1. All but one of (1) outside any helix (DSSP H, G or I); (2) of a type in the set (Val, Ile, Thr); (3) touching a helix residue (DSSP H, G or I) at 6+ places or on another chain (Cβ under 6 Å) hold for Thr148; which doesn't?
2. Just give me the residues in the range 115-141 being over 21 Å from the mean Cα position of the chain (by Cα) and assigned to a loop (DSSP other than H, G, I, E, B), in sequence order.
3. State all residues of the range 149-182 that are open to solvent by 70 Å² or more (accessible area, probe 1.4 Å) and closer than 21 Å to Lys91 by Cα; if no residue qualifies, say none.
4. Condition first: more than 29 Å from Ser24 (Cα to Cα), out of contact with any strand residue (DSSP E or B) (no Cβ under 9 Å at 6 or more places or on another chain), at pLDDT below 95 and not in a loop (DSSP other than H, G, I, E, B). Can you find one or more residues in the range 180-196 that meet it?
5. For the range 14-56: of the residues being closer than 25 Å to Ser228 by Cα, polar (S, T, N, Q) and in contact with a helix residue (DSSP H, G or I) (Cβ under 8 Å, 6 or more places away or on another chain), which is modelled with the highest pLDDT?
6. Among the listed residues Leu219, Leu173, which satisfies the condition of being at pLDDT 90 or above, assigned to a loop (DSSP other than H, G, I, E, B) and more than 20 Å from the chain's Cα centre (by Cα)?
Amino acid sequence: MAGMDSIVAGVSPTGLNQIDLSSSDLQRLAFLVKLAWTDSGFFYVINHGVSQDLMDELFSQSRQFFDLPLTERMKLLRKKTERMKLLRNAKNRGYSPLFDQTLDAPNQKKKGYFLGVDVPEYDPNARKPHFGPNVWPSEDILPGWRQTMQEYHSQALNVAKLVARIIAIALDLEADVFEKPEIFGEPIADLRLLHYEGVVFDPYEGIYGTGAHTDFGFLTLLATDAVSGLQVFTILL
């Protein structure tokens, strides 16, 4: 997601379209989304309502976690099954260490922390795939960390719902089609904190931050800091 940038003809300096959620012209926004689909599949979301203070706190708290000693981070690692090596838990929550995810390339220099809709173990919904309790660092070690992540998760989900309405219009569907209970009544909304090792990637040596990939799921909102590195594949016409 982008910040409160000005919009010039719906295009950012990077060439990606900008979707201004403060605009009432939903047909124009839907048109810009359609254009993105024919090229890279990426667009900026601006004027989304998530405050810069919360964004700054999110990145600050994320850095604090990844700065913890390895022994503390590994306490939040759980087994998927008894026969598998140590990874995230059965609900795909918790700490993801180096080389946990491989995608295209086997040598990827990133760590992660995975969160989702927090459903207590005693709740019947926790028996559903992808629903269950999150794994939280101790409040003594990272005070306020849980509250920050929960607040950002909630606000980002609201942004996703607004973007979904624009996508529906772009598909010539009713704007609220994705809000119907039988479709996204209980969305599998994951929050993933990613930390890269700062190693300059070198494909000739097989070193990557993350290999080339296409995300799964309906929609990804990607918040970035001031460190460049994300590459987007575009179709050259």
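1. Unmet for Thr148, out of (1) outside any helix (DSSP H, G or I); (2) of a type in the set (Val, Ile, Thr); (3) touching a helix residue (DSSP H, G or I) at 6+ places or on another chain (Cβ under 6 Å): (1).
2. Of the range 115-141, the ones over 21 Å from the mean Cα position of the chain (by Cα) are 120-128, 138-141.
Correct list: Pro120, Glu121, Tyr122, Asp123, Lys128, Ser138, Glu139, Asp140, Ile141.
3. Gln150, Glu151
4. no
5. First, the residues of the range 14-56 that are closer than 25 Å to Ser228 by Cα: 14-21, 32-33, 35-56.
Next, only the ones that are polar (S, T, N, Q) stay: 14, 17-18, 38, 40, 47, 51-52.
Pick out the ones that are also in contact with a helix residue (DSSP H, G or I) (Cβ under 8 Å, 6 or more places away or on another chain) and you get 17-18.
Numbers: Asn17: 88, Gln18: 91.
It comes out as Gln18.
6. Step by step, each of Leu219, Leu173 is checked, and only Leu173 is at pLDDT 90 or above, assigned to a loop (DSSP other than H, G, I, E, B) and more than 20 Å from the chain's Cα centre (by Cα).
The values are calculated or read from the model by the stated rules, or taken from the named source; none is laboratory data. Model, not experiment: these values are computed from the prediction. Glycine also receives a Cβ, built like all others from the backbone with ideal geometry; neighbour counts cover every protein chain displayed. Remember, those area values only see protein heavy atoms, side chains included, never the ligands or the DNA or RNA. Shrake-Rupley method; radii C 1.70, N 1.55, O 1.52, S 1.80 Å.
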